[in-house]
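Take a look at the structure below.
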Amino acid sequence: METNNSPPLGRGWGWVRAALLGPPPSLPRWGRNGGVLLSGWYGGGNVGDEAVLAALVQMLRERNPDLPIAALSVNPKQTARLHGIKAFKRSPLQVRAALTACDTFALGGGGTVQDVTSVWNLPSFLLYPLLARRLGKRVVWCGVGVGPLGTRLGRWLTARAAWAAQRITVRDEASAELLARVGAPMGRVEITADPALALRPIDRAAAMKVLQEANVYTDDAMPTTPFPSSPQREEEVVGNSSLITHHSSLSRRLVVFALRRPLDPQLGKRLRPGYLLPVSMRERFGAWSAQAEQLYRAMVEALAQLADYCVSEWQAEALFVSFDTVDRKVVAAVRRRMRYVEHSYELTGEHHPATVMGIVGLADLVVGMRLHGLIFGAAMGRPLLALSYDRKVSSFMAQLGASEWTLAVTDAAALVAKAAALWPQREVVAQQIAARATELKRKARLNANIIEARAG
């Protein structure tokens with residue numbers, strides 16, 4: 001039987017304690033006792049976070065089709081529609097209603113346990129696990145990414161929330177090491193992998209159909225402007241081996257870009273105004289330091305040059321896939337700087353994570369800043385070139401044994417040279433990544449085990 005030896009929580013919860021521990025609101029129950037309540041940044045329009053939720057729901061349904069599953073969401077209607085589960089708004093009153101019906105509260109993956117993006121991030125995610133434990137619920141963390149933790153308060157709150165959990169799985173060794181440093185109960189911690197690795201993608205034909213319906217990467221949508229050069233098309237020789245390209249049956253090569261804005265180097269170092277704003281508001285009002293703006297402009301220029309290089313040297317089309325609504329600004333900036341923009345496309349609209357994963361799987365090369373863009377590429381066995389804006393990207397590439405193909409965001413100028421080195425051996429790299437990803441997928445499936453241990 002699992003026990004929790006952490007000290008009791010204090011009584012100074014104020015309005016939150018009154019809202020959550022008082023009489024529950026008269027909201028409809030989402031299932032019988034024994035259900036699972038998942039918590040993460042769901043409903044916020046981030047494909048990676050939605051992939052984590054989709055994978056967890058998929059794995060739990062495979063084990064127990066009748067298990068009641070619900071999630072906390074910033075957009076409950078969207079979450080319910082996308083995942084086919086009950087969803088509650090992330091507000092104290094609705095959380096109280098959800099907690100009354102669940103048996104297990106699961107902090108469900110993603111880079112939720114960090115305080116570098118905003119001072120508000122940790123309280124918004126770690127308050128509810130503490131309250132769930134206060135209400136006598138079983139609390140687990142599933143494939144969570146931990147860090148960076150730049151503040152004393154952040155480290156204290158993380159340790160407190162870790163002691164409230166009966167079981168914890170983290171997605172990489174760096175997360176486990178950080179938990180150990182802040183004083184978490186390491187006997188409860190297990191290293192698995194990001195849950196999204198276990199997601200089942202749509203098949204190749206379905207992915208091509210989505211692109212055709214969106215007028216992306218189809219013969220009808222091909223620009224009339226010819227490619228600026230005509231390199232060898234179907235076959236490339238590397239050493240003594242002949243490697244047939246992944247998409248030799250298609251009319252064109254495809255390079256998928258999964259981009260985002262790099263973090264402000266000044267965030268977390270001092271209480272800048274931007275650090276006091278949630279990420280969405282900082283994006284809206286442009287609360288960035290001068291150093292961040294300089295880094296961003298250099299990155300955009302380097303990525304535009306890389307996209308042009310893909311077109312001119314490889315006769316490839318560039319497909320930009322935004323993993324968050326804010327990424328579209330980055331995509332627009334890169335495409336404005338491209339010389340051969342007519343050979344680039346952007347995937348728009350709302351798509352299920354399994355659809356996006358299937359589309360990423362069509363790529364001859366995935367260029368990623370977004371962690372889950374790289375995770376999708378690895379799960380589909382594609383070669384990866386990573387531009388690391390955060391430790392989690394470097395950590396994932398190390399898990400794949402692909403650190404050689406990782407550049408720091410400050411080294412964006414070296415992108416073209418690194419891509420040129422990768423391209424001739426991309427199929428060998430893809431095979432190596434696919435082999436490592438197979439083991440990571442097995443570990444990712446373990447995340448559902450700790451939820452199922454007592455749920456249902």
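The values are calculated or read from the model by the stated rules, or taken from the named source; none is laboratory data. Note that the coordinates shown come from a computational prediction; the quantities given were computed from them, not determined experimentally. Don't worry about glycine lacking a Cβ; one is built from the backbone with ideal geometry, like all the others, and counts go over all protein chains shown.
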- [ ] Taking the residues in segment 75-98 that are among the charged types (D, E, K, R) and closer than 23 Å to TRP120 by Cα as candidates, determine which candidate is surrounded by the most Cβ atoms within 10 Å (Cβ to Cβ).
- [x] ARG90
- [ ] Select from segment 381-430 the residues that are in contact with a strand residue (DSSP E or B) (Cβ under 8 Å, 6 or more places away or on another chain) and basic (Lys, Arg) and list them in ascending order.
- [x] ARG382, LYS392, LYS418, ARG426
TODO: Inspect all residues belonging to segment 158-174 and state whether any of them is in a helix (DSSP H, G or I), touching a residue at least 60 places away in the same chain (Cβ under 8 Å) and either buried (at least 24 other Cβ atoms within 10 Å of the Cβ) or under 23 Å from the mean Cα position of the chain (by Cα) (or both).
DONE: yes
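Could you grab me the full set of residues in segment 87-137 that are among the polar types (S, T, N, Q), closer than 19 Å to ALA162 by Cβ and under 17 Å from the mean Cα position of the chain (by Cα)?
THR112, GLN114, ASN121
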Open item on the list: Restricting to segment 365-424, give me the number of residues that are closer than 21 Å to VAL47 by Cβ, surrounded by fewer than 21 Cβ atoms within 10 Å (Cβ to Cβ) and basic (Lys, Arg).
Closed with: 1
Open item on the list: I'd like to know if segment 193-214 contains one or more residues that are more than 18 Å from LYS441 (Cα to Cα), touching a residue at least 60 places away in the same chain (Cβ under 8 Å) and in contact with a strand residue (DSSP E or B) (Cβ under 8 Å, 6 or more places away or on another chain).
Closed with: yes
- [ ] Would you mind telling me which numbered condition in (1) at pLDDT 95 or above; (2) out of contact with any strand residue (DSSP E or B) (no Cβ under 6 Å at 6 or more places or on another chain); (3) not small (Gly, Ala, Ser) ILE69 fails?
- [x] (2)
- [ ] Could you check GLY150 against (1) surrounded by 19 or more Cβ atoms within 10 Å (Cβ to Cβ); (2) among the small types (Gly, Ala, Ser); (3) in a loop (DSSP other than H, G, I, E, B); (4) touching an Asp or Glu at 6+ places or on another chain (Cβ under 9 Å) and say which number it fails?
- [x] (1)
Open item on the list: Could you go through segment 440-450 and let me know if any residue there is in contact with a Lys or Arg (Cβ under 6 Å, 6 or more places away or on another chain), under 20 Å from GLY108 (Cβ atoms) and outside the structural domain of LEU211 (by TED's automatic domain parsing).
Closed with: yes
- [ ] Would you mention how many residues in segment 311-364 are surrounded by 22 or more Cβ atoms within 10 Å (Cβ to Cβ) and of a type in the set (S, T, N, Q)?
- [x] 2
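Please go through segment 286-329 and pick out each residue that is charged (D, E, K, R) and under 23 Å from HIS372 (Cβ atoms).
Of everything in segment 286-329, those that are charged (D, E, K, R) and under 23 Å from HIS372 (Cβ atoms) turn out to be GLU317, ASP324, ASP327, ARG328, LYS329.
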TODO: Report, ordered by the first and then the second residue, all pairs with beta carbons closer than 6 Å, sequence separation of six or more or different chains, a first member in segment 398-427 that is farther than 13 Å from SER388 by Cβ, and a second member that is of a type in the set (Ser, Thr, Tyr) and surrounded by 19 or more Cβ atoms within 10 Å (Cβ to Cβ).
DONE: VAL416/TYR309
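Looking only at segment 105-119, decide whether some residue is assigned to a helix (DSSP H, G or I) and not assigned by TED's automatic domain parsing to the domain that holds ALA354.
no
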- [ ] For segment 123-157, enumerate the residues that are of a type in the set (Phe, Trp, Tyr) and in contact (Cβ under 8 Å) with a residue 60 or more places away in the chain.
- [x] PHE125, TYR128
Open item on the list: Take the conditions assigned by TED's automatic domain parsing to the domain that holds GLU317 and either outside any helix (DSSP H, G or I) or at pLDDT 95 or above (or both) and apply them to ALA412. Does it pass?
Closed with: no
- [ ] Say whether the condition of being closer than 19 Å to PRO123 by Cα, out of contact with any strand residue (DSSP E or B) (no Cβ under 7 Å at 6 or more places or on another chain) and surrounded by fewer than 19 Cβ atoms within 10 Å (Cβ to Cβ) is met by at least one residue in segment 133-146.
- [x] yes
Task: Tally of residues being part of a helix (DSSP H, G or I) and within 20 Å of the chain's Cα centre (by Cα) across segment 45-80 - done: 18
Task: Cross-chain or 6+ apart pairs with Cβ under 8 Å, segment 254-270 first and on the phi > 0 side of the Ramachandran plot, then buried (at least 23 other Cβ atoms within 10 Å of the Cβ) and modelled with pLDDT of 80 or more - done: GLY268/ASP115
Task: Unmet requirement for ALA184, which otherwise passes all of (1) free of Cβ contacts under 8 Å to residues at least 60 places away in the same chain; (2) within 19 Å of SER118 (Cβ to Cβ); (3) of a type outside the set (Ser, Thr, Tyr); (4) assigned to a loop (DSSP other than H, G, I, E, B) - done: (2)
- [ ] Test ALA437 against the criterion of being closer than 10 Å to ALA378 by Cα, buried (at least 20 other Cβ atoms within 10 Å of the Cβ) and of a type outside the set (D, E, K, R), and give yes or no.
- [x] yes
